[in-house]
Amino acid sequence: MNGFDGYPHVIYAQQFSRRWLEEDLFPLARQMKPIGDQGGCDMLRGKRAFSWFYQASTRTAVSLAMAMELLGGRVVFSTENAREFSSASKGETLIDTIRVLNRLRPDVIFLRYDREIGAEIAAHVSKASIISAGDRQPNDEPKSPYSGQHPTQGNLDVFTVVERFGQIDGLKIAMVGDLINGRTVRSLSYHLGKFRGVEIYYVSPPNARMRDDVKDYLCRHNIRFTESADLREVAPKVNVIYQTRTQKECGTNFDRNDHNLGYFVVDQGILDLMKKDAIIMHPLPRVDEITPEVDDDPRAVYLTDQIDCGLYTRMALLKMILAPKV
Amino acid sequence: MNGFDGYPHVIYAQQFSRRWLEEDLFPLARQMKPIGDQGGCDMLRGKRAFSWFYQASTRTAVSLAMAMELLGGRVVFSTENAREFSSASKGETLIDTIRVLNRLRPDVIFLRYDREIGAEIAAHVSKASIISAGDRQPNDEPKSPYSGQHPTQGNLDVFTVVERFGQIDGLKIAMVGDLINGRTVRSLSYHLGKFRGVEIYYVSPPNARMRDDVKDYLCRHNIRFTESADLREVAPKVNVIYQTRTQKECGTNFDRNDHNLGYFVVDQGILDLMKKDAIIMHPLPRVDEITPEVDDDPRAVYLTDQIDCGLYTRMALLKMILAPKV
Amino acid sequence: MNGFDGYPHVIYAQQFSRRWLEEDLFPLARQMKPIGDQGGCDMLRGKRAFSWFYQASTRTAVSLAMAMELLGGRVVFSTENAREFSSASKGETLIDTIRVLNRLRPDVIFLRYDREIGAEIAAHVSKASIISAGDRQPNDEPKSPYSGQHPTQGNLDVFTVVERFGQIDGLKIAMVGDLINGRTVRSLSYHLGKFRGVEIYYVSPPNARMRDDVKDYLCRHNIRFTESADLREVAPKVNVIYQTRTQKECGTNFDRNDHNLGYFVVDQGILDLMKKDAIIMHPLPRVDEITPEVDDDPRAVYLTDQIDCGLYTRMALLKMILAPKV
C-alpha cells in the first residue's frame, strides 16, 4: 500500500522496496489464500477493470481476470488484439488510447504493450491504475531502466521463493535461457537487488547474456553474479533454478540440444545434480527446456506453487490499489 | 447427476446411458425452460467458468456462456484464440495449459480443441470439470472411440428429437452430408445406439461415408443402418432429416449441385417428399445445404427448437456438475 | 423512449426526430452523468447483451460495454471476430446468425457489420433490440438511405454540440476528411438536417466529397452546405470543426501534407484561425489529421467531452430500450 502513495501504478520492479515486499505485499498475499479457498470475497465489489493487451499473454490475462473475480471485481472489457484492432492502419498512439479508456472510468487497466516503455507512458496519462502485464522485450539496448519488464511476474517470483525458503537473503539463484531478451529475468534481477547476500548465476549461450543495465544495477547493489554456459556446473550450487524459454519471437534462437553451446535444459540429469530442497521455476509456457519427467519432482513448482503465488500476489496488488482502507 | 459420479466431465456420448438421458438429463432440461422464461435464477451463483477454445465455435461458446449466465454463474475468461495466442510458436502442451488453468480455481472449463482427443486428455489432468465443446474432426481413422466428438451437441440433438416425438425407440433418422468427418453425426450415432428399433440412413457421397468405428458400434448395439447417396429416396421414409454442412476445412469437398454424385440438399422438393410430421435438423452454420424456403416450414427446427434444446441441455449439464444437490 | 414504440432498434439517424433528441435523449443523457459519477446504478440489473462485431471497433465496443455495466447490466458474450470465426468458409448469413442469437434470449445485441445494411437486416428478424455499432462505409453508391451509418456516434456527436452551445440551430459546422466514405459524417449530416439555420462546410479533396444522397437530404431539409478544399478558409467561420481520418481501408487515400490538394489538417495554424469558443471534434482514432499540440487547447473535445457524451448517450439509449418505465 505504501508503494502506491501518489502513484497507483505497477510498472517496474524498482518501484517496490524490500520493506514493502516483506511487510505489505507478501503478508497480504498470504491472506489471499484462504479467500481463494473459500471461493472469494466482496472487497472489490463495484470495481472495474479493462484488460487491454497489444500482444497475447493469455496466462497473465486469465490470472488477472480471476484475481479480480475472486475479490468481487469485474473485468468489463478484455482484448488481446488491441494492436490489430483498435487503430487505423497507421496506428493510434498508446497515449490517445489510454486517455480514451480513462474517460470510461475504469478503476484499473491491465496493459500488455508490444513495444517498450508502454506501461510507463500509459501511467503518465492515466488516472486509472495501470498494472503492466509486460512490455515487449527489448531487442536492442533498453531505452530505460524500466523497460522490458513484467513487474507482477517479478513480484510473484520472489514471493514463490520466500514462501519456499522463508527468506531471500543469502540464496543462490540461477537464471537460465534467453537472458538478453527475457522480461521475467530482468524483473526478477531487479527484485533480487533489494536483498542481501544473494548470488546470481546467469546461464545462457554467449549471444543471449544478461544485459549491462541489469548487471550495473546488481553491482550498485552489491549482488554478486556469475555467467556460465553450463547448467550442469551451476545446478549443484543453487537454491533456485529459474528456467525460461527461448524468446524465438525476439530473434534470439539457440538449439537447446547443441551441447557445443553449453547445457541449458532442465532434465533428469539436472535433477540428480540439484540440492534436495532446491526448486525449479519457470514463467511459462514451458516448451522443451524442461523435460516432462521433471514435472512430478517435488522441487518442480512451475505448474503448482508458482501459479498460486501469481494469483495471490495479483489479488494483493489489486486490493492495495483499489481498496486500500478495507 | 449419476453420470458424473467420480468423473465430472463431459467428453463423449458413450458416457451417458439411456437411463441417464431419459431420467436425469431430459427432465432437468425441461425444468430449464421456465427458468429461462423468467430470466434466470441463482443456483450457480459463485460458480466460475473458463471458455478456452483452440478453434472458433462461436455458436457453442455463446450458448454455453448464456447457459452459465441464466443460472447465475459467470464465465470469467473467454478466448477463441487459444491456439494462436497462449503458447510459444512451438506450442505449450494442452496438458500444461489445463494444469495452469486448474490452479486458478475455475469450477468448469469449456474446451474446444483443434486436434483429437483433447477433451479426454484434459479430463485426465483436470480437477475442474471439462465440458468438451468439440474435438477436431478426425481426417484419418480416429485414434479412439471417444475422439472427434461434440458431446453436448449430441445431447441436445437427441433431446430435440425426444421433445418432438416423445421417444426415440422405433424412429427412422437420416444423417446427410460429410459423414466421414462430421463430429455431430458421430456423437448423434453414438447416442442413438442406446435406443431400440432405431433405423439410421446415412446419406453421403461415396468418399464421405460414415466411418467403420461408428458402424461397428451400431452393429454391436443392433441398430440397423443403410447407406444411400440420394436423399430423395430416403426422405419419405424418415422421421428426422439431420442435415450437416460440408466440412471444407477438413478436405472433404463435394458439389451439392452435382447430381451425378447424388442428392444432398434439403429443398422444397425434399419437403414435398417428407412425412407431414417429420423434422429437419442441422447443427449450424447452415450454408447452402438447406435452401432458405425451407426455414418457414413447421418441420424446420434448426433455427428454433434445436437452439432452445441446446440451451436447456447445457443448463441442465451445468446444474448437474456444479450444483448437484440443489 | 417515444422513438422506440414498436421498433426497439437503433439503426440510422433518420429514426430520431429533433423533438425526441431534445426532449428524450439529451435530458436522459444528462441524468447519466451523476450516475456515472457515483459509480453506477442497478436499473438494468438482469439485462443481457451480446456484442457481435464483424469488424473491429474496439472503442465503440468498450464504450457500449461500460454503458451496460454502469447501469447494472451485463455483456454476456463479446466478439470482434464474428466475420472470421462464426461461419463456414462460405459464410453463414447474418440473418441466420441473428436468429440463432435471438433464441438465446439476449435483451440487446450490439452489432457492427462489415457490409452494408447489416443493422437494418438484423432488425427485421430480431426480437432483441439491435443497436448498430456501425455499418461498413459504402464504397459505392449506398444501397439505402440507412446504410453506411453509425447512429450512436451521430447521437453522441450532436449531444456534444448541444452541451457546448446550448443548441444546434444557427450553428456553422465543418466536416473534414474522407467524406465520401465516412460513416460518422453521414450520420452527423442526417442528424443536423433536423435543425434550423444550420450551415455545413464539407472540406475534402475532390475525390472524397460527400455523396449525393446526403446532399439531397440536406436540400430537402433546407440545410445550406458549401464544399471547400481548404480548411484555412473555413476555420474562421465555423463553431465546430469535425475532423475525420482518412478511410484507408476503403481505398480513398490522400496525403494530408499535399497542399496542392488543399488543407485538411487541424494544427496550430488552424487553431489560430478558429473562433475563441469553437470546438474541435473527432470520432477517433486520430492519427495525423490533428497534430498533438492541439490536444491541450480548451477547444479540443475529442479526447474529453466527446467521449463522455458517448458514454452518457449510450447509457440513455440502453435505459430507454431496456427499462423504459423505470
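The values are calculated or read from the model by the stated rules, or taken from the named source; none is laboratory data. Everything numeric here is computed off the predicted structure, so don't read it as measured data. Every residue, glycine among them, receives a Cβ derived from its backbone with ideal geometry; neighbour counts consider all protein chains shown. Surface areas here come from the heavy atoms of the whole protein model, side chains and all, with no ligands, DNA or RNA. Shrake-Rupley method; radii C 1.70, N 1.55, O 1.52, S 1.80 Å.
Along the charge dipole of the protein assembly as shown, Cβ charges K/R +1 and D/E -1, which of B:PRO34, A:MET315, C:ALA208 sits furthest on the positive end? Final value for the positive-end residue is B:PRO34.
From other protein chains only, count the Cβ atoms within 10 Å of every residue's Cβ in B:38-44, then give the mean. Please list the in-between numbers first.
Values: counts 0, 5, 3, 0, 0, 0, 0.
Rounded to a whole number, the mean comes out at 1.
How do A:GLU84, B:GLU199 rank by accessible surface area computed with a 1.4 Å probe, from largest to smallest? The partial results should precede the final answer.
Details: A:GLU84 125, B:GLU199 25 Å².
Ranked list, largest accessible area first: A:GLU84, B:GLU199.
Taking the Cα centre of chain B as origin and assigning +1 to Lys and Arg Cβ atoms and -1 to Asp and Glu Cβ atoms, the resulting dipole is close to 1180 debye.
Rolling a 1.4 Å probe across the protein heavy atoms gives the protein assembly as shown an accessible surface of 35 Å² per residue. To the nearest 10, the accessible area of A:TYR12 is 40 Å² with a 1.4 Å probe.
Structural descriptor for chain C: relative contact order 19 percent, calculated from alpha carbon pairs under 8 angstrom and at least 6 residues apart.
Distances between copies at A:GLY91, taken between label points 7 Å from Cα along the C-beta direction, are 3.1, 3.1 nm in increasing order. The residue list B:THR244, B:LEU303, B:LEU188 was ranked by how far each Cα lies along the charge dipole of region B:170-326 toward its positive end, using unit charges on Cβ atoms, and B:LEU188 comes out on top. Computed about the Cα centre, the dipole magnitude for region C:22-95 is approximately 220 debye when only Lys and Arg (+1) and Asp and Glu (-1) carry charge, each at its Cβ. In peptide B:92-105, what is the residue-averaged number of other protein chain Cβ atoms found within 10 Å of each Cβ? Average per residue, whole number: 6. Sequence-distant contacts, meaning Cα pairs under 8 Å at least 6 residues apart, place the relative contact order of region A:40-149 at 26 percent.
Other protein chain C-beta atoms within 10 Å of residue C-beta, averaged over A:55-64: 5. Using just its DSSP H runs of length 4 or more, each adding -39500 (n - 2.57), chain B gives a mean residue ellipticity at 222 nm of -10000 deg cm²/dmol after division by all residues. Label point of C:GLU227 (7 Å along Cα→beta-carbon): distances to the other copies' equivalent points are 6.6, 6.6 nm, sorted ascending. Let me make sure I get this right: for region A:151-306, a, b and c are the square roots of the gyration tensor eigenvalues over alpha carbons, sorted descending. Under 1.5 in a/c it's rounded, otherwise prolate if a/b > b/c, else oblate. Which is it? Rounded. Per-atom-type breakdown for the protein assembly as shown gives carbon and sulfur 45% of the accessible area (1.4 Å probe, protein chains only). Projecting label points 7 angstrom from Cα along Cα→Cβ for C:GLN38 and A:ASP212 puts them 6.0 nm apart. A simple spin-label model places the labels of C:ARG45 and A:ARG45 1.0 nm from each other, with each point 7 Å out along Cα-to-Cβ. Exposure check, 1.4 Å probe, all protein chains in place: C:ASP305 carries approximately 60 Å² of accessible surface. I'd like the orientation of helix A:183-192 relative to chain A: the angle between its Cα long axis and the longest Cα principal axis, in ° from 0 to 90, rounded to 10. Helix A:183-192 sits roughly 80 degrees off the main axis of chain A. The angle between the Cα long axis of helix C:94-103 and the longest principal axis of the Cα atoms of chain C comes to about 50 degrees, rounded to the nearest 10.
Placing a label point 7 Å from Cα along the Cα-to-Cβ direction at A:LYS127 gives distances to the equivalent points in the other copies of 4.3, 4.3 nm, listed shortest first. Of the peptides C:278-289, C:27-38, the ranking by mean beta-carbon count within 10 Å, highest at the top, reads C:278-289, C:27-38.
In this structure, the pairs whose alpha-carbon distance is over 29 Å, taken from A:LYS127/A:LYS319; C:LYS127/C:LYS325; A:LYS215/A:LYS319; A:LYS276/B:LYS47; A:LYS215/A:LYS237, are A:LYS215/A:LYS319; A:LYS276/B:LYS47. Applied to region A:11-25, the Karplus parametrisation 6.51 cos²θ - 1.76 cosθ + 1.60 on θ = phi - 60° returns per-residue 3J(HN,Hα) values of 10, 8, 4, 5, 4, 9, 7, 4, 4, 4, 4, 6, 9, 10, 5 Hz, with x for Gly and Pro. Helix C:58-70 and the longest principal axis of the Cα set of chain C meet at an angle near 50°.
The charge dipole of the protein assembly as shown, taken about the Cα centre with unit charges on the Cβ atoms of Lys, Arg (+1) and Asp, Glu (-1), comes to about 2240 debye, rounded to the nearest 20. When chain C is treated as a GNM with alpha-carbon contacts under 10 Å, the residue of C:ARG48, C:ARG19, C:ARG299 showing the greatest mean-square fluctuation is C:ARG19.
Test of understanding: in a Gaussian network model of chain B with alpha carbons linked when under 10 Å, which of B:ARG211, B:ARG103, B:ARG83 would top the mean-square fluctuation ranking? Answer for the Gaussian network model of chain B: B:ARG103.
Given a 1.4 Å probe and no ligands, DNA or RNA in the count, how much accessible surface is buried by B and C, both sides, to the nearest 100 Å²? Don't skip to the answer; put the middle values down first.
Values: alone 14100 and 14110 Å², together 25610 Å².
Result for this pair: about 2600 Å² buried.
Determine, from the Cβ-Cβ distance of B:LYS127 and B:ARG30 and an R0 of 25 Å, the FRET efficiency 1/(1 + (r/R0)^6), rounded to the nearest 0.05. Working from the Cβ atoms, E equals 0.25. Between B:ASP272 and A:ASP288, the modelled label-to-label distance comes to 6.3 nm, taking each label 7 Å out from Cα in the direction of the beta carbon. Distant-in-sequence amide contacts of B:TYR202, defined by a placed amide H-H separation under 5 Å and a gap of 5 or more residues or a different chain, comprise B:MET175, B:THR226, B:GLU227, B:SER228. Taking all protein chains together, A:THR304, C:THR58 sort by accessible area into A:THR304, C:THR58, largest first [probe 1.4 Å].
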